[in-house]
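See below for the structure under consideration.
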Amino acid sequence: MADKFLTRGIYNKVWNTFYDTSETVMKYADETFTLIGISLQQFIVLSTIKDLDPPVTQSTIARRVNRNPYSITLIIDRMEKDGLVKRVKDLKDRRSSRLVVTAKGEKMYERAYATAKTIPENLLSCMSREELLILDKYLKTLNEKAKELRSNQVE
């Protein structure tokens, strides 16, 4: 019985550390992007539009970044208001629109991409190469387990 209690305790301790770390890292990244006038989520959407072959739709982005379509709509609404992207009606399917990065969006992407390249080094430079390889291995294991658990929930 004591062993089960101790195991549960370590799970909670590691979970709390993992959760706190992920929240802090994401806040740091978002604050870093905010300094140049874009949010982390907007940068992710902008990068995804640029990475995918056209036509790029909101639903394609939602699937690619593993987000709910409604939250992507809100992000894109803001980006369109800010002049970073525009929605263009799809000529083949007028119910759908594709997303295009504007000239302003291109300039912002270049600034944000330069910023994005600094974040991993700033965060991870406190670890040795060996520690980073171990961390990477454990994070991959955790990611695979989370994917497995999510797929079981959907079934």
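One residue is enough: does the range 87-103 have a residue meeting the conditions in contact (Cβ under 8 Å) with a residue 60 or more places away in the chain and surrounded by 13 or more Cβ atoms within 10 Å (Cβ to Cβ)?
Restricting attention to the range 87-103, the residues satisfying the condition of being in contact (Cβ under 8 Å) with a residue 60 or more places away in the chain are none.
Within the range 87-103, none of the residues are in contact (Cβ under 8 Å) with a residue 60 or more places away in the chain and surrounded by 13 or more Cβ atoms within 10 Å (Cβ to Cβ).
Test Tyr109 against the criterion of being out of contact with any strand residue (DSSP E or B) (no Cβ under 8 Å at 6 or more places or on another chain) and either in contact (Cβ under 8 Å) with a residue 24 or more places away in the chain or among the hydroxyl-bearing types (Ser, Thr, Tyr) (or both), and give yes or no. Reasoning before the result, please.
Numbers: out of contact with any strand residue (DSSP E or B) (no Cβ under 8 Å at 6 or more places or on another chain): no; either in contact (Cβ under 8 Å) with a residue 24 or more places away in the chain or among the hydroxyl-bearing types (Ser, Thr, Tyr) (or both): yes.
For Tyr109, the condition - out of contact with any strand residue (DSSP E or B) (no Cβ under 8 Å at 6 or more places or on another chain) and either in contact (Cβ under 8 Å) with a residue 24 or more places away in the chain or among the hydroxyl-bearing types (Ser, Thr, Tyr) (or both) - is not met.
Looking only at residues in the range 6-60 that are among the small types (Gly, Ala, Ser) and part of a helix (DSSP H, G or I), which one is surrounded by the most Cβ atoms within 10 Å (Cβ to Cβ)? I'd like the intermediate steps shown before the answer.
Our first condition is that a residue be among the small types (Gly, Ala, Ser); within the range 6-60, this holds for 9, 22, 29, 37, 39, 47, 59.
Now narrow it down to the ones that are part of a helix (DSSP H, G or I): 9, 22, 29, 47, 59.
On the way: Gly9: 10, Ser22: 10, Ala29: 20, Ser47: 16, Ser59: 12.
For the range 6-60, the residue satisfying everything is Ala29.
Give the number of residues within the range 61-73 that are assigned to a helix (DSSP H, G or I) and either exposed (fewer than 12 other Cβ atoms within 10 Å of the Cβ) or of a type outside the set (A, V, I, L, M, F, W, C) (or both). If you could, list the steps in order and put the result at the bottom.
Taking the range 61-73 and keeping what is assigned to a helix (DSSP H, G or I), we get 61-64, 69-73.
Filter once more, keeping what is either exposed (fewer than 12 other Cβ atoms within 10 Å of the Cβ) or of a type outside the set (A, V, I, L, M, F, W, C) (or both): 63-64, 69-71, 73.
Counting residues in the range 61-73 that are assigned to a helix (DSSP H, G or I) and either exposed (fewer than 12 other Cβ atoms within 10 Å of the Cβ) or of a type outside the set (A, V, I, L, M, F, W, C) (or both) gives 6.
To keep it simple, each residue is scored yes or no on (1) closer than 17 Å to Ile119 by Cα; (2) polar (S, T, N, Q).
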site	(1), (2)
Ser22	yes, yes
Ile44	yes, no
Lys50	no, no
Pro55	no, no
Ser59	no, yes
Tyr70	no, no
Ile76	no, no
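Any read-out appearing in this document is the output of simple, stated calculations on the displayed coordinates, not a laboratory observation. Quantities reported herein were computed from a predicted structural model and do not represent experimental measurements. Neighbour counts are summed over all protein chains in view; Cβ atoms, including those assigned to glycine, are modelled from backbone coordinates with ideal geometry.
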